[in-house]
Amino acid sequence: MSDTSFDVVIIGGGPGGYVAAIRAAQLGLKTACIEKRGALGGTCLNVGCIPSKALLTASHHYHACAHEMGSFGIKVGKVEMDVAGMMGHKDKVVSDNTKGIEFLFKKNKVTYIVGAGAITAPGQIEVTAKDGAKSTVAAKHIVIATGSDVTPLPGVEIDEEVIISSTGALALPKTPKHMVVIGGGVIGLELGTVWGRLGAKVTVVEFLDRILPFNDGEVSKQMQRLLAKQGMAFKLGTKVTGIAKSGKKATVTVEPAAGGNAETIEADCVLVAIGRKPYTDGLGLDKVGVALDKRGFVQIDGHFRTNVPGIYAIGDVVGGAMLAHKAEEEGVALAEILAGQHGHVNYDAIPAVVYTWPEVASVGKTEEQLKAEGIAYKAGKFPFTANGRARSMNEVDGFVKILACAATDKVLGAHIVGPNAGDLIAEVVLAMEFGAASEDIARTCHAHPGLGEAVKEACLAVDGRPLHT
Ligand SMILES: Cc1cc2nc3c(=O)[nH]c(=O)nc-3n(C[C@H](O)[C@H](O)[C@H](O)COP(=O)(O)OP(=O)(O)OC[C@H]3O[C@@H](n4cnc5c(N)ncnc54)[C@H](O)[C@@H]3O)c2cc1C
């Protein structure tokens, strides 16, 4: 096999692509990964999960120093925010992480090809380098892992200064006075939280009548209440009909989603966060006949195969939960299948986290879904007000809710609003992966005093026997 001929070539070096590449190489397949961004890690490491969490952590510390230390008996002098310093922290975290993936490629002998890949025929990819130079690589298996991009708002031009996408919101040079966030989903709430903590007035405009529309209804209500307490304003059931930009300002025109009188909102920053769409530009999929669905996602079967033999797809570009860890699981499963093993992803146990404060974490079915599907269930709930560790942290907002099958007690879903919810959910994901009953978690010894005791207590509550409420 020549240097331009591989067992597996992956187009896209995001969490789906780079993880698939590492796993394929571990399994002895000669592997290359083509990435055009100039840095590995995809949306997640460069303009998604990692920079947003770097800014969420930095702004959380700032807010805690400025407003919360007194309640712990700590006197703090004048606290000042250095936005440039905060961006420096974020840039360093991103750069260290992306370089880390390059190191992992070298360690695992994955060939990293910098450039844009286009499939010219099954088994053949043309790579265009930044300087326009073209080369060709051959592959037994081609994996499309090209991810997703920001969904634009029709008629609205994103300039990344006044009207921004999530990418612009991760790099603002100063705190806006009034940020209007269009979209009350995960990305809008996380980035609205960052700038709200740094002093911006934040107004969230959401078309639906609730924020976090994919979460359990009780979670959405609780989070709206808690975020409103933090100063975030909400205009729900409201649609944006236009944004007029004038210099460094924007006027957002909105009206009730159900119809009614229009009103305008003045802002100096508008964040468009209405979702993400599959990204397949320039891949040449029409030429090789790879089928897309109506929304542009690459269509695959249960083994990640497209309709063209030898071409596979994973991650955001195939739809489903557009999350980094889902893309990673698919990358591992596909690499194992290509190596003759039995890779598999359990889509019923994919956690989802919103990194606001408190955090929101969920896995499995919501109460609304169980009702719609006619599944009889029992719910157990435990508030963080009754958890000793949460009280010692002054973090008593939120609850753990466990949903279990009424007949078998098998855990069907978990919904947590609370401190470190994103880490607490792992226990329930593991339980679901093992097909555990809520009784199994309830009988598991949890360290005291720990936030995890709230998970145990919620499981006890499924059977009506919590010990601390
Ligand atoms: C602000 C924000 C915050 C987020 N926070 C989280 C979070 O906290 N947790 C979470 O799980 N998810 C989060 N996500 C979602 C997460 O980033 C994505 O689900 C994940 O990155 C998808 O991985 P992927 O490998 O499918 O695609 P991507 O990460 O999008 O990677 C695709 C890569 O393919 C490259 N590419 C595209 N076309 C070509 C081509 N023709 N040739 C070569 N290269 C190409 C692109 O340059 C890109 O680097 C967030 C997203 C955003 C925007």
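The values are calculated or read from the model by the stated rules, or taken from the named source; none is laboratory data. All values derive from a computational prediction rather than experimental measurement. Counting neighbours? That spans all protein chains shown, and the Cβs are built from the backbone with ideal geometry, glycine included. Calculation scope for accessible area: heavy atoms of the full protein, side chains included, ligands and nucleic acids excluded. Shrake-Rupley method; radii C 1.70, N 1.55, O 1.52, S 1.80 Å.
Order the peptides 108-116, 457-465, 314-322, 44-52 from the highest to the lowest mean number of other Cβ atoms within 10 Å of their residues.
The packing order, highest mean first, is 314-322, 44-52, 457-465, 108-116.
Could you work out the helix-only [θ] at 222 nm for the chain, with each DSSP H run of four or more residues adding -39,500 (n - 2.57) and the total divided by the number of residues, to the nearest 500 deg cm²/dmol?
-9500 deg cm²/dmol
For the chain, what % of the accessible area comes from carbon and sulfur atoms, probe 1.4 Å?
Result for the chain: 54 percent of the exposed heavy-atom area is carbon or sulfur.
Does the chain classify as rounded, prolate or oblate by the C-alpha gyration tensor (a ≥ b ≥ c root eigenvalues; a/c under 1.5 gives rounded; else a/b over b/c gives prolate, otherwise oblate)?
It is oblate, given that a/c is not under 1.5 and a/b is not larger than b/c.
For region 163-274, what percent of Cα pairs sit more than 18 Å apart?
Of the Cα pairs, 45 percent sit more than 18 Å apart.
State the extension gain, in nm to one decimal, for the chain segment bounded by S246 and S392, taking 0.36 nm per residue of separation less the distance between their alpha-carbons.
The span from S246 to S392 would gain 47.7 nm if fully extended.
Under a crude label model (7 Å from the Cα following the beta-carbon direction), how far is E160 from S5 in nanometres?
With each label point 7 Å from Cα toward Cβ, the separation is 4.1 nm.
Computed FRET efficiency, Cβ-Cβ of R225 and I375, R0 41 Å: what is it to the nearest 0.05?
0.90
Label Q26 and E433 with points 7 Å out from Cα along Cα→Cβ: what is the distance between them in nm?
According to this spin-label approximation, the distance is 1.2 nm.
G315: net charge of surrounding residues, Cβ under 11 Å, Lys/Arg +1, Asp/Glu -1, itself excluded?
So the surrounding residues net to -3.
Give the distance, in whole Å, between the Cα centre of region 361-409 and the Cα centre of region 77-121.
Computed from Cα coordinates, the inter-centre distance equals 36 Å.
Once you list every other residue whose beta carbon is under 11 Å from the beta carbon of V353, what net charge do they have if Lys and Arg are +1 and Asp and Glu are -1?
Taking every Cβ under 11 Å from that of V353, the sum is -2.
Order of 422-428, 190-196, 149-155 by packing, highest average Cβ count within 10 Å first?
Highest to lowest by the protection proxy: 190-196, 422-428, 149-155.
What full-extension length gain, to one decimal in nm, is calculated for T469 and A262 as 0.36 nm per residue of separation minus the Cα-Cα distance?
Taking 0.36 nm per residue and subtracting the Cα distance, the gain is 69.8 nm.
Along Cα→Cβ, 7 Å out, is where each label goes; now give me the distance between the ones at T120 and L292 in nm to one decimal.
Result for the modelled spin labels: 2.2 nm.
Given bins 10 angstrom wide, list per bin the percent of all Cα-Cα distances in region 275-319, short to long.
29, 61, 10, 0
Counting Lys +1, Arg +1, Asp -1, Glu -1, what net charge surrounds G12 among other residues with beta carbon under 10 Å of its beta carbon?
Once all neighbours under 10 Å are counted, the net charge is 0.
How many Å² of accessible area per residue for the chain, probe 1.4 Å? Could you put the intermediate results ahead of the total?
On the way: 21260 Å² over 469 residues.
Per-residue value: 45 Å².
Could you give P(r) for region 351-462, binned at 10 Å from zero, as whole percent values over all Cα-Cα pairs?
Bins of 10 Å from zero give 16, 51, 29, 4, 0 percent of pairs.
Is region 47-88 best put as rounded, prolate or oblate by its Cα gyration tensor, with a ≥ b ≥ c the root eigenvalues, rounded for a/c under 1.5, and otherwise prolate when a/b is larger than b/c, oblate when not?
Oblate, since a/c reaches 1.5 and b/c is not below a/b.
Sort 167-177, 16-26, 350-360 for me by packing, meaning the mean count of neighbouring Cβ atoms within 10 Å per residue, highest on top.
For the peptides 167-177, 16-26, 350-360, the packing ranking is 16-26, 350-360, 167-177.
Relative contact order for region 128-243: what percent, with Cα pairs under 8 Å and sequence separation of 6 or more?
Reported as a whole number, the value is 21 percent.
A406 to L208: FRET efficiency via 1/(1 + (r/R0)^6), r the Cβ-Cβ distance, R0 25 Å, to the nearest 0.05?
E(calc), rounded to 0.05, equals 0.25.
Only helices at least 15 Å long along their own axis, judged from Cα atoms, and with Kyte-Doolittle mean hydropathy of 0.5 or greater: name those in the chain from DSSP H.
Taking the DSSP H segments of the chain (at least 15 Å long, mean hydropathy at least 0.5), we get 186-197, 421-433.
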